[in-house]
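Just below is one structure, and these are the notes that go with it.
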Number of protein chains: 2
Amino acid sequence: MVNTRLPDSIAVADVEAARGRLAGVLTRTPMIRLETDSGAELLLKLELLQPVRSFKVRGAYNALSMLSDAELAHGVYTASAGNMAQGLAWSARRRGVRCSVVVPDNAPATKLDGIRRLGAEIVKVPYDDWWAVFTTHRFGGLEPARFVHPVSDVGMMAGNGTIGLEILEDAPDVSAVLVPFGGGGLSCGIAAAIRASRPEVQVFGCEVDTAAPLAASIAAGRPVEVDRTPTFVDGIGGKAVLEEMWPPVKRLLAGSLVSPLSEVEAAIRLLVARCAVVAEGAGAASVAAGLRHAGSLGRIVCVVSGGNLDPSVLARILSTQQT
Amino acid sequence: MVNTRLPDSIAVADVEAARGRLAGVLTRTPMIRLETDSGAELLLKLELLQPVRSFKVRGAYNALSMLSDAELAHGVYTASAGNMAQGLAWSARRRGVRCSVVVPDNAPATKLDGIRRLGAEIVKVPYDDWWAVFTTHRFGGLEPARFVHPVSDVGMMAGNGTIGLEILEDAPDVSAVLVPFGGGGLSCGIAAAIRASRPEVQVFGCEVDTAAPLAASIAAGRPVEVDRTPTFVDGIGGKAVLEEMWPPVKRLLAGSLVSPLSEVEAAIRLLVARCAVVAEGAGAASVAAGLRHAGSLGRIVCVVSGGNLDPSVLARILSTQQT
């Protein structure tokens with residue numbers, strides 16, 4: 001089932017409506033300060049404190065809330081490496097609806113366990129078949145369940161955008177918002193929410209240098225595919241920017257900030273030591289960018305998007321010598 | 001300089017006054033849910049998200065705010081294993097006042113680094129000399145600086161108590177509050193705040209079985225000294241309940257919940273995996289107790305008091321096989 005609205009049609013009214021649906025259900029996440037050694041201060045929007053440890057539950061819950069009981073009669077499904085799956089499964093359980101998830105066959109066991117614990121069914125497929133679900137907006141084997149696109153669904157983006165409204169309330173002096181860029185559903189949702197009242201605030205997508213399709217697409221002036229090196233950073237770094245996301249990406253984002261993998265790991269260590277929180281790779285990519293660009297972008301808010309990091313990966317990163 | 005008010009004189013009016021002093025300075029920490037495998041749900045009050053990763057900054061900032069410029073002319077000092085030191089140092093830096101800290105000579109390097117980064121001076125002494133500062137309320141070498149007692153100071157307790165007011169707002173259906181018990185300044189502060197309007201809510205002190213002076217004192221009917229085995233759990237587990245804390249402890253607390261060290265480590269692992277936060281040993285002691293007593297105490301709030309855990313200790317705990 002194809003979405004009827006194009007992603008670029010998202011407006012602040014969609015975000016405000018989402019906010020009403022999420023109130024009392026999800027966490028009003030706090031904004032805390034990270035003092036850096038250089039004396040700069042970054043503000044962190046801690047989405048890792050949401051249920052299922054990721055912002056994705058905002059979009060998933062909002063998208064599900066917009067569907068009627070009839071539309072949900074056969075359940076819902078999505079394609080995800082983990083966080084969106086858990087977000088949709090959590091929301092479906094709360095609504096009392098069946099949920100299935102198509103995952104790439106390299107998805108980490110920790111995330112699959114989390115999905116199963118929330119009562120969703122898992123369908124493992126090769127990476128390219130999994131990616132195809134994003135472009136075709138369907139996976140035949142699971143129909144007639146209702147497909148919820150993890151990125152380019154306006155309800156999903158609007159739910160994510162509620163983060164933008166909260167940022168403006170908690171940091172009215174913000175000048176730049178740094179957001180991990182996976183498919184653009186988070187960064188564009190936030191930018192749409194902020195743009196309405198504060199068009200001068202810059203919203204950047206943040207990537208890791210092992211897979212940076214946004215930077216490559218901006219350089220090419222059109223959405224392009226990139227070679228990607230798989231790493232533990234599995235929440236961002238797809239192989240391309242989706243065609244339908246390119247118009248809002250071009251319109252709403254100020255650019256891409258790309259960090260080396262080593263700086264993402266250093267940001268994870270710093271967040272444990274200074275803030276007592278565990279960010280996953282994607283979630284720390286915005287902090288890595290913030291540390292690098294502190295001083296040049298004014299008052300920075302980093303969206304720490306999620307905290308689903310495998311404990312063995314965290315132990316390895318903590319044991320790595322800092323340089 | 002000796003405090004003029006006895007700890008047992010603390011009243012909800014002290015806590016409400018503290019709340020006014022802290023507003024806009026410290027974090028209104030969120031309450032999040034922890035789903036356990038048994039299906040029980042614990043509510044977690046995340047004090048590890050405060051500046052310096054500990055509730056201690058609430059009491060320290062309040063106590064400092066109650067002193068005049070004349071009283072602060074020679075600076076302040078305290079005795080602490082780390083968190084109170086960082087809380088007072090942070091508050092003193094904000095007020096523009098000199099700060100010194102007496103620490104036991106086994107204090108972890110991570111905490112000492114944190115204290116120095118906040119601009120405070122460190123005085124290392126043997127454990128028994130350090131403990132003596134709590135009972136004598138002075139350390140001659142640092143006078144005429146003003147001594148701030150880390151536990152049995154009414155301003156300190158009242159600042160800590162603001163946590164109790166926030167718990168009642170965020171979890172009006174709470175029936176039990178589980179609080180790490182170090183000296184009793186946190187648990188009694190919270191209990192004093194809650195008692196005024198909800199006397200039926202039970203507030204428990206939580207300890208680890210390697211050092212449980214509260215449980216021993218309750219069993220004896222008077223404050224007694226215990227043998228203690230030093231572990232990585234350094235925020236609780238002193239060698240005795242202070243004499244002046246015994247009256248409020250007896251009056252305000254429902255009892256002591258003691259957890260084995262292995263369950264505290266398991267709670268730290270669970271908090272990383274399910275909630276993406278890093279609790280120190282003391283902070284996880286309340287969660288360990290909550291996991292053990294879920295189902296028998298009604299609606300439980302666990303105060304996760306702090307997150308100053310040495311990264312190498314965390315890596316070791318994460319690498320330990322779960323049983």
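Determine the per residue accessible area of chain A with all protein chains present and a 1.4 angstrom probe, expressed in square angstrom.
Dividing the accessible area of chain A by its residue count gives 36 Å².
Just how large is the dipole of the protein assembly as shown about the Cα centre, in debye to the nearest 20, putting +1 at every Lys and Arg Cβ and -1 at every Asp and Glu Cβ?
That gives the protein assembly as shown a dipole magnitude of about 600 debye.
Please compute, for peptide A:274-284, the average count of beta-carbon atoms on other protein chains lying within 10 Å of each residue's beta-carbon.
5
Computed on protein heavy atoms with a 1.4 Å probe, what is the summed buried accessible area for the chain pair A and B, in Å² to the nearest 100?
2100
May I ask you to find the residues of the range A:27-45 that are shielded by at least 50 Å² of accessible area once the whole protein assembly is considered instead of their isolated chain (probe 1.4 Å)?
A:GLU35
Kindly give Rg over Rh for the range A:198-262, based on alpha-carbon atoms, with the Kirkwood expression for the hydrodynamic radius.
For the range A:198-262, the value is 0.97.
Given an 8 Å cut-off on Cα distances and at least 6 residues of separation, report the relative contact order of chain A as a percent.
In percent, rounded to a whole number, it is 21.
Taking the Kirkwood radius as the inverse of the mean 1/r across Cα pairs, report the Rg/Rh of the range A:107-180.
1.08
Got the B:GLU16 label distances to the other copies yet, label 7 Å along Cα→Cβ, in nm, shortest first?
Distances between equivalent label points, in nm: 3.7.
From the backbone phi of the range A:69-83, what are the Karplus-calculated ³J(HN,Hα) couplings (6.51 cos²θ - 1.76 cosθ + 1.60, θ = phi - 60°) in whole Hz, Gly and Pro given as x?
In residue order, the calculated couplings are 4, 5, 5, 9, 4, 9, x, 10, 8, 8, 10, 6, 8, x, 5 Hz.
Just name one of B:VAL278, B:ALA254, B:ALA266: the one whose Cα is farthest towards the positive end of the charge dipole of the range B:237-299 (beta-carbon charges, Lys/Arg +1, Asp/Glu -1).
Of the listed residues, the answer is B:ALA254.
Could you work out how much longer the chain between A:SER197 and A:THR229 gets when fully extended? Use 0.36 nm per residue separation minus the Cα distance between them, nm to one decimal.
Roughly 7.7 nm would be gained on extension.
Which three numbers, in whole Å and largest first, are the semi-axes of the equivalent ellipsoid of the protein assembly as shown derived from its Cα gyration tensor as √(5λ)?
Three semi-axes, in Å: 45, 26, 22.
Can you list residues from other chains, or at least 5 along the same chain, whose modelled amide H is less than 5 Å from the amide H of A:ASN308?
Under 5 Å from the amide H of A:ASN308: A:GLU280.
Mean projection of the alpha-carbon convex hull of the range A:2-58 over all orientations, in nm²?
Projected area, direction-averaged: 6.2 nm².
What fraction of the DSSP beta bridges in the protein assembly as shown is antiparallel, stated in percent and rounded to the nearest 5?
The antiparallel proportion sits near 25 percent.
Out of residues 5 or more away from A:ASP234 or on other chains, whose amide H comes under 5 Å of its own, with H placed 1.01 Å from N in the peptide plane?
A:GLY281, A:ALA282
Within straight cross-link reach of A:LYS56, meaning Cα distance under 18 Å, which lysines are found once same-chain residues fewer than 8 apart are removed?
The qualifying lysines are A:LYS45, A:LYS111.
Using unit Cβ charges (K, R positive; D, E negative) and no other charged atoms, how large, in debye to the nearest 20, is the dipole of the range B:110-249 about its Cα centre?
280
Can you tell which of A:ASN62, A:VAL151, A:VAL123 lies farthest toward the positive end of the dipole of the range A:42-180, using +1 and -1 charges on the Cβ of basic and acidic side chains (Lys, Arg; Asp, Glu)?
Of the options given, the answer is A:VAL123.
Between the range B:245-280 and the range A:113-161, what's the alpha-carbon centroid distance in Å?
39
If each residue of separation counts as 0.36 nm, what is the full-extension length gain between A:GLU41 and A:SER312 once their alpha-carbon separation is subtracted?
94.6 nm
Under the convention of a label 7 Å out along Cα→Cβ, give the distances in nm from A:GLY255 to the same position in every other copy, shortest first.
6.3
Put a dot 7 Å past each Cα toward the Cβ at A:THR135 and B:LEU6; how far apart are the dots in nm?
Between B:LEU6 and A:THR135, the label points sit 7.8 nm apart.
With charges only on Cβ, +1 for K and R and -1 for D and E, what is the dipole size of the range A:206-255 about its Cα centre, in debye, rounded to 20?
It works out to roughly 200 debye.
Most mobile of B:THR78, B:THR162, B:THR136 per a Gaussian network model of chain B (Cα springs, under 10 Å)?
Checking each option, the largest mean-square fluctuation is seen for B:THR136.
Rank B:HIS74, B:ALA132, A:GLY307 by how far each Cα sits towards the positive end of the charge dipole of the protein assembly as shown (+1 on Lys, Arg Cβ; -1 on Asp, Glu Cβ) and give me just the farthest.
Most positive-ward Cα: B:HIS74.
Could you give me D for chain A, from Stokes-Einstein at 10 °C and 1.306 mPa s, where the hydrodynamic radius is the Kirkwood radius over C-alpha pairs? Units µm² s⁻¹, please.
Diffusion coefficient, whole number: 83 µm²/s.
Just round it to a whole percent: the fraction of Cα-Cα distances in the range A:80-148 exceeding 18 Å.
Counting pairs separated by more than 18 Å, the tail of P(r) holds 32 percent.
Note down the relative contact order for the range B:2-134 as a percent, whole number, built from C-alpha pairs under 8 angstrom at least six residues apart.
Worked out over the range B:2-134, it gives 17 percent.
Using every Cα-Cα pair within the range A:137-281, state what percent have a distance larger than 23 Å.
41
Testing the spin-label approximation: label points 7 Å from Cα along Cα→Cβ at B:GLU121 and B:ALA70. State their distance in nm.
Computed distance between label sites B:GLU121 and B:ALA70 equals 2.4 nm.
What is the percent carbon and sulfur in the accessible area of the range A:190-288, measuring with a 1.4 Å probe over the protein chains and ignoring ligands?
C and S fraction of accessible area: 50 percent.
Using the C-alpha gyration tensor of the range B:1-135, what are the square roots of 5 times its eigenvalues, in whole angstrom, with the largest one first?
The three semi-axes for the range B:1-135 are 27, 21, 16 Å.
Counting pairwise Cα distances across the range B:84-212, what percent come out greater than 20 angstrom?
Result for the distance tail: 54 percent.
Once the label point is placed 7 Å from Cα along Cβ, list for B:GLY140 the distances to the corresponding points in the other copies, in nm, shortest first.
Ordered by increasing distance: 8.9 nm.
The values are calculated or read from the model by the stated rules, or taken from the named source; none is laboratory data. Quick caveat, the model's predicted, so the values are computed rather than measured. Glycine also receives a Cβ, built like all others from the backbone with ideal geometry; neighbour counts cover every protein chain displayed. These area figures cover heavy atoms from the full protein model, side chains too; ligands, DNA and RNA do not enter into them. Shrake-Rupley method; radii C 1.70, N 1.55, O 1.52, S 1.80 Å.
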